[in-house]
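The values are calculated or read from the model by the stated rules, or taken from the named source; none is laboratory data. The structure presented is a predicted model; accordingly, all values stated were derived computationally and were not measured. Cβ sites come from the backbone with ideal geometry, for glycine too, and all protein chains shown count toward neighbours.
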Amino acid sequence: MSLEILDYIDKINIHFEKEQDLTELMKEIEQGFSAEQISNLLESFPIKLRILVWKLIGEETQQNVFIAMKNESRQLLLYALDDVDCFPLFTKLDAFNLLELSENLNDRFIDFAVSNMTAKQRSLYKKSCDYALIEVGHWQNFTEIQIPQRLKLSAVKKVCAKSLPAFTDVVYVVNDVGALVGEIALNSLLKLTSDEEYRALITPSAEVINSTDNINVACEKVIASAKSALPVIDENNCLTGRLDLPTAYKYKEQVVESQLIQSAGLVEEEDLFSNVWLSSKNRAVWLGINLVTAFLASWFIGLFEATIQQVVALAVLMPVVASMGGISGSQTITLIIRGLALGQITDANKKDIVIKELKVGAINGVLWAVVIGLITYLWFDTFLLSVTIFIAILGNIVIASLSGVWVPWILTKFKIDPALSGSVVLTTVTDIFGFIVFLGLGSVLLL
């Protein structure tokens with residue numbers, strides 16, 4: 001969040017009881033910031049203040065901000081507002097925006113939005129709804145410029161002289177039944193002077209996406225294409241829309257953000273000021289799972305109860321062993337989950353990743369094992385205790401690094417989301433391994 005936005009958050013918190021000052025502040029914000037920035041600003045306020053600020057925003061800006069909001073923030077807003085204030089948010093939506101909103105909307109709002117669409121947008125919306133969420137057809141947008149093949153150059157130039165959609169660098173040429181014939185670069189088109197030159201420059205689209213393709217794969221294809229968008233075709237080769245760079249990047253970012261949020265046991269897009277009971281319920285499940293694994297680790301510690309009673313220093317140092325393994329594994333698993341979400345990890349590069357993480361674990365393991373070993377020696381003046389914790393820290397950091405790689409892969413093979421359960425499994429592995437090595441060596445070397 002920018003410093004300017006943070007500054008306005010402070011000003012609103014100071015002046016929220018002065019209606020005139022607040023009105024002036026909101027005018028400045030509306031004129032100076034994007035819908036996404038205003039959305040972030042609103043989500044920084046408790047619900048009561050958020051609604052007060054919301055009602056000072058212009059109706060057109062309200063709709064753009066509503067679209068930019070996180071899902072749960074939208075739900076909180078709709079719950080807090082009367083229907084008469086909600087319905088204007090769903091007027092004149094295009095198919096693409098309604099699709100983005102509709103997954104968690106009440107049917108009455110969806111029906112209202114569809115009834116207020118143009119006939120063309122209504123048709124496009126229903127067409128997109130026929131595709132599954134994982135298919136490109138559900139995510140395509142309909143802002144592409146289609147030029148009938150039979151049009152003359154003069155007519156084509158008139159079409160292109162109108163306001164063009166953002167990220168338009170080519171126009172698509174279709175035949176009489178809507179099948180994609182090819183494309184022509186916009187900057188080349190505007191320089192042409194004859195129909196013959198125009199026909200000669202129409203080239204088959206080098207890359208296309210099928211409407212039933214997997215959206216994750218398609219987004220990667222768009223990003224790698226060096227183009228601002230790729231055309232989307234159906235089974236009859238008819239042009240149905242396009243998948244552009246902003247949509248591709250936004251989808252990939254949402255996937256990564258979702259993975260990282262869920263890895264902490266949170267619900268995707270949870271609002272900072274969401275309902276207390278809902279937030280508690282969302283987190284309770286993973287706290288419960290973590291409790292089970294914590295008792296499992298405690299059980300392993302109990303196996304060395306006699307050793308701990310005789311060498312109290314082992315109990316003092318156990319948290320150090322656990323925390324060093326946990327943080328090392330967390331760093332690796334976050335990196336791997338992000339790589340899996342972005343499609344950067346394949347069978348071809350898995351071996352290289354394992355070797356790299358093994359080296360990183362070994363370097364950090366030796367470094368911190370030496371540091372902790374020296375501190376332990378200075379603290380307890382026991383050489384064998386220092387050797388014990390040195391081996392335990394080195395082994396635990398190496399195992400944590402390898403587990404950070406392997407745990408997400410294994411969970412993925414079993415069709416378990418690694419973002420949801422990876423950190424819990426990883427913590428269990430590092431805790432149990434670290435305690436067994438540390439306490440086991442302690443039993444052998446110190447008794």
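Residue 219 satisfies every condition listed in (1) within 18 Å of the chain's Cα centre (by Cα); (2) modelled with pLDDT under 85 except (2). Can you say whether residue 120 is more than 15 Å from residue 39 (Cα to Cα), surrounded by fewer than 19 Cβ atoms within 10 Å (Cβ to Cβ) and without any contact (Cβ under 8 Å) to a residue 12 or more places away in the chain, as far as the supplied structure shows? Spelling it out, residue 120 is indeed more than 15 Å from residue 39 (Cα to Cα), surrounded by fewer than 19 Cβ atoms within 10 Å (Cβ to Cβ) and without any contact (Cβ under 8 Å) to a residue 12 or more places away in the chain. Applying the set (1) crowded, with 17+ Cβ neighbours inside 10 Å; (2) at pLDDT 85 or above to residue 102 leaves exactly one unmet item: (2).
The sole residue among 410, 399, 416 that is farther than 22 Å from residue 377 by Cα, in the same structural domain as residue 326 (by TED's automatic domain parsing) and not in a helix (DSSP H, G or I) is 416.
Within the range 365-400, which residues are within 35 Å of the chain's Cα centre (by Cα) and surrounded by fewer than 20 Cβ atoms within 10 Å (Cβ to Cβ)?
Hits for the range 365-400 are 366, 367, 368.
Within the range 193-204, if we keep just the residues that are at pLDDT 85 or above and part of a loop (DSSP other than H, G, I, E, B), the residue that is farthest from residue 246 (Cα to Cα) turns out to be 194. Taking the listed residues 36, 4, 30, 24, the one that is within 28 Å of the chain's Cα centre (by Cα), modelled with pLDDT of 85 or more and over 22 Å from residue 72 (Cα atoms) is 30, with no other qualifying. Here the helices (runs of 4 or more DSSP H) wholly within the range 1-106 that include at least 2 residues being of a type in the set (Val, Ile, Thr) are 3-15, 19-32, 47-54, 59-68. Does residue 421 fit the bill of being more than 14 Å from residue 326 (Cβ to Cβ) and buried (at least 18 other Cβ atoms within 10 Å of the Cβ)? Against the criterion (more than 14 Å from residue 326 (Cβ to Cβ) and buried (at least 18 other Cβ atoms within 10 Å of the Cβ)), residue 421 qualifies. Whenever a residue of the range 388-407 is among the hydroxyl-bearing types (Ser, Thr, Tyr), it has no partner that is modelled with pLDDT of 95 or more and part of a helix (DSSP H, G or I) lying with C-beta atoms less than 7 angstrom away and at least six residues away or across chains. Taken over the range 102-128, the criterion of being out of contact with any helix residue (DSSP H, G or I) (no Cβ under 7 Å at 6 or more places or on another chain) and closer than 20 Å to residue 219 by Cβ is satisfied by 103 alone.
Listed by position, the helices (runs of 4 or more DSSP H) inside the range 285-393 whose residues that are closer than 26 Å to residue 405 by Cβ, of a type outside the set (A, V, I, L, M) and out of contact with any Leu (no Cβ under 8 Å at 6 or more places or on another chain) number at least 1 are 312-342, 350-380. Considering 87, 96, 109, the condition of being out of contact with any strand residue (DSSP E or B) (no Cβ under 8 Å at 6 or more places or on another chain) and buried (at least 17 other Cβ atoms within 10 Å of the Cβ) is satisfied by 109 alone. Within the range 123-132, can you find the residues that are without any contact (Cβ under 8 Å) to a residue 24 or more places away in the chain and under 26 Å from the mean Cα position of the chain (by Cα)? Residues satisfying the conditions are 130, 132. For residue 73, the stated conditions do not hold, so it cannot be described as in contact (Cβ under 8 Å) with a residue 12 or more places away in the chain, surrounded by 18 or more Cβ atoms within 10 Å (Cβ to Cβ) and more than 19 Å from the chain's Cα centre (by Cα). Consider only pairs whose beta carbons are under 6 Å apart and that are at least six residues apart or on different chains; among these, list those whose first residue lies in the range 20-45 and is farther than 11 Å from residue 8 by Cα and whose second residue is assigned to a helix (DSSP H, G or I) and among the hydroxyl-bearing types (Ser, Thr, Tyr). Pairs that qualify, where the first residue is farther than 11 Å from residue 8 by Cα and the partner is assigned to a helix (DSSP H, G or I) and among the hydroxyl-bearing types (Ser, Thr, Tyr), are 30/61; 43/73.
Scanning the range 24-65 for residues that are among the charged types (D, E, K, R) and touching a His at 6+ places or on another chain (Cβ under 7 Å) yields nothing. Within the range 125-136, restricting attention to residues that are surrounded by fewer than 22 Cβ atoms within 10 Å (Cβ to Cβ) and of a type outside the set (Ser, Thr, Tyr), which residue is modelled with the highest pLDDT? Checking each candidate, the answer is 135.
Every listed requirement among (1) over 14 Å from residue 144 (Cα atoms); (2) not in a loop (DSSP other than H, G, I, E, B) is met by residue 207 save one, (2).
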